[in-house]
Amino acid sequence: MFLYIFLLIKIYNCSIIKTEIIIRQISTNYNDYNYKEFVNNSQSR
């Protein structure tokens, strides 16, 4: 029983970490895009 709970916690933590990594990647991509847009707009002026 204890082992089962332990495994559940492990799986749960892993999925949280994966989700966090995915969220981070998405936000980094988003920021990169915004930055490029910003640079393009600045140069065109």
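Order the peptides 1-7, 23-29 from the highest to the lowest mean number of other Cβ atoms within 10 Å of their residues.
23-29, 1-7
Ignoring everything except DSSP H segments at least 4 long, calculate the 222 nm mean residue ellipticity for the chain; use -39,500 (n - 2.57) per segment, divide by total residues, nearest 500.
Only helices count here, giving -35500 deg cm²/dmol.
What would the Debye formula give as log10 I(q)/I(0) at q = 0.16, 0.22, 0.23, 0.27 Å⁻¹ for the alpha-carbon point model of the chain, no solvent?
-0.59, -0.75, -0.77, -0.86
Every read-out reported here was derived from the displayed coordinates using simple, explicitly stated rules and does not represent laboratory data. Note that the structure is predicted; figures quoted are calculated from it, not measured. So basically every Cβ, Gly included, is an ideal-geometry build from the backbone, and we count neighbours across all protein chains shown.
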